[in-house]
1. Pull up the range 335-346, narrow it to residues that are outside any loop (DSSP other than H, G, I, E, B) and buried (at least 16 other Cβ atoms within 10 Å of the Cβ), then point me to the one that is nearest to the chain's Cα centre (by Cα).
2. Among Gln411, Gln361, Gln332, which is open to solvent by 40 Å² or more (accessible area, probe 1.4 Å), farther than 16 Å from Val491 by Cα and in contact with a Pro (Cβ under 9 Å, 6 or more places away or on another chain)?
3. If you take the residues of the range 239-280 that are over 26 Å from Ile523 (Cα atoms) and in a helix (DSSP H, G or I), which of them is least open to solvent (accessible area, probe 1.4 Å)?
4. Which residues, taken from the range 677-689, are farther than 19 Å from Glu640 by Cβ and open to solvent by 90 Å² or more (accessible area, probe 1.4 Å)?
5. Please go through the range 357-384 and pick out each residue that is among the charged types (D, E, K, R) and touching an Asp or Glu at 6+ places or on another chain (Cβ under 7 Å).
6. In this structure, is Gly356 at pLDDT 95 or above and either buried (at least 18 other Cβ atoms within 10 Å of the Cβ) or among the small types (Gly, Ala, Ser) (or both)?
7. Give the range 368-400 a look and list any residue that's more than 20 Å from the chain's Cα centre (by Cα), free of Cβ contacts under 8 Å to residues at least 60 places away in the same chain and in a loop (DSSP other than H, G, I, E, B), or say none.
8. Of all residues in the range 157-170, which are touching a residue at least 24 places away in the same chain (Cβ under 8 Å) and open to solvent by less than 50 Å² (accessible area, probe 1.4 Å)?
Amino acid sequence: MCCDLKRRFLLLYATQKGQAKAIAEEICQQAGAHGLEADMHCISEMDKYNLETEKDPVVIVISTTGTGDPPDTARKFVKKIQDTALPPDHFAHLQYGLLGLGDSEYMFFCNGGKTVDRRLQELGAQHFYETGLADDCVGLEVVVDPWIDGLWLALKEAFVLQNKKEGMNSSDISSALSAAPVPSHIENELNISSEVQKLKLEDEGVRSSDLTQKLVDIHLVASTRDAEPSLVHSVPPLSQSALNIPALPAEYIEVQFQDTHGENPHLSSLISEGTTFEVPVTKAVQLTREDAIKTALLLELDIAGTVFDYQPGDAFCVICPNNVSEVEELLQILGLSDKGEYFICVKVKQGTKRKGATHPQHIPERSTLKFLLTWCLEIRAVPKKAFLRALVECTSDAGEKRRLQELCSRQGASDYTQFIRDSNVCLLDLLRAFPSCKPSLNLLIEHLPKLQARSYSVSSSNLYQPGRLHFVFNIVEFPACPTRPVARKGVCTGWLAELVAPLLNPNKNTLDTKGISTSTEKISIFSRPNNTFHLPADPSVPFVMVGPGTGISPFIGFLQHRQKLREEHTDWEFGETWLFFGCRHQDRDYLFKQVHYELKCFLENGTLTHLKVCFSRDSTTAEVAPPKYVQDVIRLYAKEIARVLLKEGGYFYVCGDKKHMADGVSDAVVDILSMEMEADKLEAMKILATLREAKRYLQDVWS
């Protein structure tokens, strides 16, 4: 009877950047140690599973992307289950547990997971385990680790109930399942692997579990004279603690070096999200002065020869490479500097113990090593704990090995957050800090996520400038710090800035006989339409735009579009438009003040009715200091804002930084509604929620 006991469960993941997949793989790996078998699939692989007939428990790990959307890999699944023709008992047979991933910096926290969870409930599915919502703002592991801990007991109970229904004796089920290494409820310890190394801790007689490590030698710990911990150094109590570390992930990738003959894949083959277009960069303008704190650039792309289409408010993605010097340094550390131009063949290792191991979709089966590291792997990604655990085995120095163990352990969670996650440490930083760590190439392919294309808001109108697309960005700067000794620029913004340098600073070699730049650099892009962040369909409806800094970008497209409509339809009625803009200094980073379609022109021709600006770092001699931030300026126009939103059915758009601006704007609008309606704050918050629901309060924000 025990041998017939069902221990399989279906494990589905929906990922955008690889986090949900990594967590699903961790669950899959731990399952074996609990006597369970995880049948793992990407949720998009609907030909490999069938929820309509699924009898075993289902575990779903799903992330959130954009402004609360399910990841791209879940779009077809979500569309399928949202079919209104489905009866309310469609999934009455289904029992599931769901782990949602999100970031509380954004308004619709974990909305991808919440959407699926809510719909499954509506269709009659039952929870066998409570839903977990993990927050990347504070660290996913804060929720993920205990959620996985509790999953095994919940699965055990689900199997008991399932087999009871099928007539199996309850005591037989319990005894059979208890034979598997299920976690102790009292100790709350995960027993995930018999392979975890046991380290002996001097002067302590603590009994070791599969996860509990004991120190080999107290002298491996760096001198406690250093009172402050760092990336490479811990202090008591962590430095003297027994450690609970993850199981060593099973290797599953095999790399074979070939010759130097052949061609690399086209960049379009790396993208599954849509059609890619290779387009020339025809113009570059620096919008900020040289002494501005941030450097903002405007680029113009020639899309005339393509079918690429967009609306103002849409976004698009740029396919970008890793930094050339960082790739070269990585090759040097790996001892593969002379192999960069060699083609490699990547395959799944035969006989691997990794459950459900498949060839990573973002890895070409054949390419040069340099192409792989340049275009396919996110070498700047913050290493996950599973990666750190694997790096332990590649480290020869005992002290460095111990510190890496600490950083991936339960006891070292706060150190991991402080010195890895919050410090934005990447693989190169780790390899510099732990020089005896020499990982293999296959390990990098297994643990580094896909190099993501970067998303930018369109800053133009195809109606106003046919065949042209503009976008604006700040060159992201990462200054040197104790955990990152070398200053860096953003992966994409740094590359773009270098690419367009000849357009920004033309010399005699880049100019034709008429003095016009002949630079013909091209970049690959693909569309990422925004379904909601668009102009009102009715041009007579008024709207308010709030966009400090580069947050003004989509609103330039709005105003260009509106100006062209006004020129073409003189008999139409157009609603009033408000723009609230802010920056640090009026004379250094006031974007679009000096460009040919400067804001002043929109004001003078009536396209823009009201322009309100503020400058947070400019000194003033005025008796009453002017407001510093856009949320402060908005409060000065409370009656007008309330009129637009409450009486005239207007729209309110916010674009820019989430934490330091968008939340403050939201609070200001709540205060305005409360004051103008003479209602309490709770009532005002409900009204704002109604505006959001009606898609009349819209945000395009980032953290």
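The values are calculated or read from the model by the stated rules, or taken from the named source; none is laboratory data. If you're wondering where the values come from, they're calculated on a predicted model, not measured in any experiment. For neighbour counting, all protein chains shown are included, and Cβ atoms are generated from backbone atoms with ideal geometry for every residue, glycine included. Surface accessibility is based on the protein's heavy atoms, side chains included, excluding ligands, DNA and RNA. Shrake-Rupley method; radii C 1.70, N 1.55, O 1.52, S 1.80 Å.
1. Looking at residues that are outside any loop (DSSP other than H, G, I, E, B) and buried (at least 16 other Cβ atoms within 10 Å of the Cβ), I get Val346.
2. Sole residue among the options that is open to solvent by 40 Å² or more (accessible area, probe 1.4 Å), farther than 16 Å from Val491 by Cα and in contact with a Pro (Cβ under 9 Å, 6 or more places away or on another chain): Gln411.
3. Ser239
4. The answer is Asp680, Lys681, Leu682, Met685, Lys686.
5. If the condition is that a residue be among the charged types (D, E, K, R) and touching an Asp or Glu at 6+ places or on another chain (Cβ under 7 Å), then Lys370 is the only one that fits.
6. no
7. If the condition is that a residue be more than 20 Å from the chain's Cα centre (by Cα), free of Cβ contacts under 8 Å to residues at least 60 places away in the same chain and in a loop (DSSP other than H, G, I, E, B), then Cys394, Ser396, Asp397 are the ones that fit.
8. Ala158, Phe159, Gln162, Asn163, Met168
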